[in-house]
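The values are calculated or read from the model by the stated rules, or taken from the named source; none is laboratory data. Predicted, not measured: the structure shown is a model, and the values here were computed from it. Here the Cβ positions follow ideal geometry from the backbone for every residue, glycine too, while neighbour counts run over all protein chains shown.
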Amino acid sequence: MDRTHTYCNGFRDFAVFREGTISILPDGLSDTGAEAHALAALRSVFHAHIDMNPVAMRDGNIVVQYNHDVATVVLKELVDDHWAEIQTRHLDARATDEVLITGAGPNVFDDQGNAALFGRCYMFMDAVDPQVIRIERKSAS
């Protein structure tokens, strides 16, 4: 989760789910409040139209942002390790009958889009069985 601290410049608290999804937290929450907030945020993402915004980071990773300050960090190393399967099965990462509109057209994805869909699968796994495993506190005030 060092990368998430870096991406937040150390100024935000966040909750980490079992499969790596994160929920950025408002300041001042207790651990119990932080967990409740994170669970509610993930539930809100999962039970609505799932808008996702993949952002390429300078280190080669991708942060997939969703509504409600929920995100997935997609590690370049993990993508590289599974690239052949990602390329051939990326459309399997869509929800049933889902059509995602990209700049290239419906359900047409570039490499970043394919990697983002792969990362979104981890968010889906966390949403189906949500378990906050850690609360990370900001390092700067």
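Numbers for the structure displayed
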| quantity | calculated |
| --- | --- |
| Residue among 51, 80 that is acidic (Asp, Glu), without any contact (Cβ under 8 Å) to a residue 40 or more places away in the chain, in contact with a helix residue (DSSP H, G or I) (Cβ under 9 Å, 6 or more places away or on another chain) and surrounded by fewer than 19 Cβ atoms within 10 Å (Cβ to Cβ) | 51 |
| Qualifying residue in the stretch 30-44 (condition: out of contact with any Ser or Thr (no Cβ under 7 Å at 6 or more places or on another chain), modelled with pLDDT of 90 or more and not in a helix (DSSP H, G or I)) | yes |
| Any hit, the stretch 11-31, residues being over 17 Å from residue 128 (Cβ atoms), among the hydrophobic types (A, V, I, L, M, F, W, C), free of Cβ contacts under 8 Å to residues at least 12 places away in the same chain and surrounded by fewer than 16 Cβ atoms within 10 Å (Cβ to Cβ) | no |
| Meets criteria (within 14 Å of residue 50 (Cα to Cα) and either surrounded by 11 or more Cβ atoms within 10 Å (Cβ to Cβ) or at pLDDT below 70 (or both)) for residue 115 | no |
| Options 59, 129, 69; residue that is modelled with pLDDT of 90 or more, under 30 Å from residue 10 (Cα atoms) and surrounded by 17 or more Cβ atoms within 10 Å (Cβ to Cβ) | 69 |
| Residues being under 10 Å from residue 115 (Cα atoms) and either of a type in the set (Val, Ile, Thr) or in contact with a Ser or Thr (Cβ under 9 Å, 6 or more places away or on another chain) (or both) - total across the stretch 75-89 | 2 |
| Matching residues, the stretch 45-66, being part of a loop (DSSP other than H, G, I, E, B) and of a type in the set (A, V, I, L, M, F, W, C) | 48, 50, 52, 57 |
